[in-house]
Amino acid sequence: MLLFREKVPADWLPKVMANLPAVLVDHAHLERKAATSALNIEKYRDLYSRVEELNAIAIEELQHFQLVLDLLKRRGIPFGQPHPSPWIRGLMQSIRNGERFQAIDHLICMSLIEGRSCEKFQFLAEALKATDVELANFYASLVESEGNHYATYLLMAKAIDESETERRMDFYLDLDAKLIRQPSALPILH
Ligand SMILES: [Fe+2]
Ligand SMILES: [Fe+2]
């Protein structure tokens, strides 16, 4: 289902596994930002008819945020500051102006973020099975939901303009492939 042109770099999983407390804090922020992004895109005229669906996604992301916060609390990990993600910043910086273009690009970026989360949560669920069953199950439980968000945002973009979405997806998949290869030592998911 996922269309990515570049694999998650081989050093990503060891980096994340070695920094789990910091990564969980980053994950909490990621869910918080996913909730606010779903609400933010309700400003686009082309998405006025999708407001209720977007509210439902925002609620779901807020529930994910709360689940990560509960996990942090159980583990005695303090909630802290977010690290900006160069990968997310790189995608978002390429959103064009012009209301319809902006809506399509924004939806594609959000779709790619959800898609990469879905993919990475699967890797984490698999890798954590041997060492941390609670966390493995937690990541496995999020995979389907983030995969659905990936598909929903992509379909929303296509419903606005299918050929423009395909053209821009081509651009964004190349950009994702380029950005994901950039080395990063930050203890973050993306
Ligand atoms: Fe989520
Ligand atoms: Fe999501």
**Prompt:** Which members of the range 120-144 meet the condition of being hydroxyl-bearing (Ser, Thr, Tyr) and under 20 Å from VAL8 (Cα atoms)?
**Reply:** TYR139
**Request:** With the condition kept exactly as written, say whether any residue in the range 135-158 is more than 16 Å from ligand 2 (Cβ to nearest atom), within 17 Å of ASN19 (Cα to Cα), in contact (Cβ under 8 Å) with a residue 24 or more places away in the chain and assigned to a helix (DSSP H, G or I).
**Result:** yes
**Prompt:** within 13 Å of ligand 1 (Cβ to nearest atom) and under 19 Å from MET156 (Cα atoms) - does that describe any residue in the range 46-53?
**Reply:** no
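Every residue, every condition in (1) assigned to a helix (DSSP H, G or I); (2) within 16 Å of ligand 2 (Cβ to nearest atom); (3) in contact with a helix residue (DSSP H, G or I) (Cβ under 7 Å, 6 or more places away or on another chain); (4) open to solvent by 20 Å² or more (accessible area, probe 1.4 Å), yes or no:
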position: GLU6; (1), (2), (3), (4): no, no, yes, yes
position: VAL16; (1), (2), (3), (4): yes, no, yes, no
position: PRO21; (1), (2), (3), (4): yes, no, no, yes
position: ASP26; (1), (2), (3), (4): yes, yes, no, no
position: ASP46; (1), (2), (3), (4): yes, no, yes, yes
position: ARG50; (1), (2), (3), (4): yes, yes, yes, yes
position: ILE57; (1), (2), (3), (4): yes, yes, yes, no
position: GLU60; (1), (2), (3), (4): yes, yes, yes, yes
position: GLN63; (1), (2), (3), (4): yes, yes, no, yes
**Residue that is nearest to HIS190 (Cα to Cα) [pool: residues in the range 56-97 that are of a type in the set (Asp, Glu) and within 14 Å of the chain's Cα centre (by Cα)]** = GLU61
**Request:** Take GLN122 and decide whether it is more than 27 Å from SER141 (Cα to Cα) and open to solvent by 30 Å² or more (accessible area, probe 1.4 Å).
**Result:** no
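The values are calculated or read from the model by the stated rules, or taken from the named source; none is laboratory data. On a predicted model such as this, the values are computed, not experimentally measured, just so you know. As a convention, Cβ positions derive from the backbone with ideal geometry for all residues, glycine included, and neighbour counts pool all protein chains shown. Protein only, heavy atoms only, side chains kept; ligands, DNA and RNA dropped before computing areas. Shrake-Rupley method; radii C 1.70, N 1.55, O 1.52, S 1.80 Å.
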